[in-house]
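Below: one structure, written as structure tokens.
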Amino acid sequence: MAALGLLGAALVGCGTGSADTPAPKAKATVVESAPPRAGTAAPGPKPARVPAAPPTMAPGPGGLTPVYARRAKGTEKVVALTFDADMTADQGPRAARGERFDNPELIATLRRLKVDATVFMTGRWAEEYPDQARSIGGDPRFEIANHSYSHYAFASPCYGLPTVAGPDMASDVQRAFDAFRDAGAVNVVPYFRFPGGCYDDAALRALAPAGVTAVQWDVVSGDAFAKDADAVAEQVLDGVKPGSLVVMHCTRSAAPVTERAIRRIVPELRARGYRFVKVSELMSAR
């Protein structure tokens, strides 16, 4: 956990090999009843519109997992705030001693301010806080994306994190999806964020069976272990451009000033004309 905190102020993504060829976008399907024949009862209400599947990207050369970092085209003032809910597989004893890896006040503030956001959650976090995972994953303002089960590194070196063996990478990601399902989360999207932001071609290849789009960022908030909420806010405000994707954290012990920073970031960006969207919406109009 401490290792991830160090990455927040430094990483903008590492590794090589990415693809930006979009997959065909799923379209909503509307099923309507045929007009009633004479002498027949009028039909009931029309079936609800079937929601479109979250947009994803096509695999890269050689089947590599594709990587997305920001909306590359357009000038629409939209920004995606993303929050990593970090907990490594071996941090259960620390949680048992009272360390808090959650941040319910942050989630409450996002709701109060009516901010759509994407939470990149580890499976271990969902196991530790199943009620919160279910609440976040049942709120249409949020979507849950995958941050691995273990929060171990998928490439080495990576800020001192233990490393997942190549053959186990896809199953580690699937284990996180299983944890979200077991917690009762509904709004789960097929996106994945590498722990520490660290990856290479070998990781992109090993992750291919999981069928996810890897999501990085173009704005680093610097909230990990930060003490000054205004400094975090200023770093985000200085970095955001139309189509930006911001990385922040949803972990009280490692990012204690994030909620206060959000209370400044949101109104100031709105005053500049920005609208807050989830990653799935940002990706839908690349």
TODO: Quick one: of 73/241; 73/114; 77/114; 114/278, which pairs are farther than 20 Å apart, Cα to Cα?
DONE: 73/114
TODO: Report, to the nearest whole %, how much of the accessible area of the range 124-220 belongs to carbon and sulfur atoms, 1.4 Å probe, protein only.
DONE: 51
TODO: Calculate, for residue 114 and residue 171, the FRET efficiency according to 1/(1 + (r/R0)^6) with r their C-beta to C-beta distance and R0 41 Å; round to the nearest 0.05.
DONE: 0.65
- [ ] Return the long-range amide H neighbours of residue 121 (sequence gap of 5 or more, or a different chain), with a cut-off of under 5 Å between placed amide H atoms.
- [x] 85, 145, 146, 147
Task: HN-Hα J in Hz across the range 99-104 - Karplus 6.51, -1.76, 1.60, θ = phi - 60°, x for Gly and Pro - done: 5, 9, 9, 9, 7, x
TODO: Provide the packing ranking of 56-63, 244-251, 70-77, 178-185, i.e. peptides ordered by the mean count of other C-beta atoms within 10 Å per residue, highest first.
DONE: 244-251, 178-185, 56-63, 70-77
- [ ] Just subtract the alpha-carbon distance of residue 53 and residue 285 from 0.36 nm times their residue separation and send over the number in nm, one decimal.
- [x] 82.1 nm
Task: Accessible surface, per residue, of the range 165-279 when the full set of protein chains is kept, probe 1.4 Å, Å² - done: 36
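The values are calculated or read from the model by the stated rules, or taken from the named source; none is laboratory data. All figures in this text were calculated on a predicted structure; none of them were measured in a lab. Backbone-built Cβ (ideal geometry, glycine too); neighbour counts: all protein chains shown. For the accessible areas, the whole protein counts, side chains as well, though only heavy atoms, and no ligand, DNA or RNA atoms are used. Shrake-Rupley method; radii C 1.70, N 1.55, O 1.52, S 1.80 Å.
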